[in-house]
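The values are calculated or read from the model by the stated rules, or taken from the named source; none is laboratory data. Because the structure is predicted, anything quoted here is derived from the model rather than measured. Cβ placement follows ideal geometry from the backbone for every residue including glycine, while neighbour counts extend to all protein chains displayed. These accessible areas exclude ligands, DNA and RNA; they are computed on the full protein's heavy atoms, side chains included. Shrake-Rupley method; radii C 1.70, N 1.55, O 1.52, S 1.80 Å.
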Amino acid sequence: MLTRVKELRTQRKMTQQQLAELVHVSSRTIISIEKEQYCPSLMLAYRMAEVFGVTVEELCCLRENKEREDMQYEDL
């Protein structure tokens, strides 16, 4: 799933470890989210959104992800 985690984290000059500590996960979880290899739970997305001062919709690019998913269904 596409997110803005890396973009927002680097804008704030924050390390993956620092973000991980703030939201109570491992740095490996943050790495996986940034590589689009892991979809954060709703609560984790909410915690990260609070850290960055954005909505969950903005953090998780929900509109873009919905469009991606809709395109996959059109191909069926």
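Maximal additional length on extending the VAL54-MET71 stretch stands at 3.5 nm, based on 0.36 nm per residue less the C-alpha distance. Accessible area per residue for the chain, computed on protein heavy atoms with a 1.4 Å probe, is 71 Å². Helix 62-74 and the longest principal axis of the C-alpha atoms of the chain enclose an angle of approximately 30°.
Extension gain for TYR38 to MET14 (0.36 nm times residue separation, less C-alpha to C-alpha distance): 6.6 nm. In the chain, the convex hull through the Cα atoms has an average projected area of 4.9 nm², a quarter of its surface area. Under 14 Å from the Cβ of GLU64, count the other residues' Cβ atoms, weight Lys and Arg +1, Asp and Glu -1, and hand me the total. Cβ neighbours under 14 Å give a net charge of -3. Expressed as a whole percent, the accessible area of region 9-76 that falls on carbon and sulfur atoms is 50 (1.4 Å probe).
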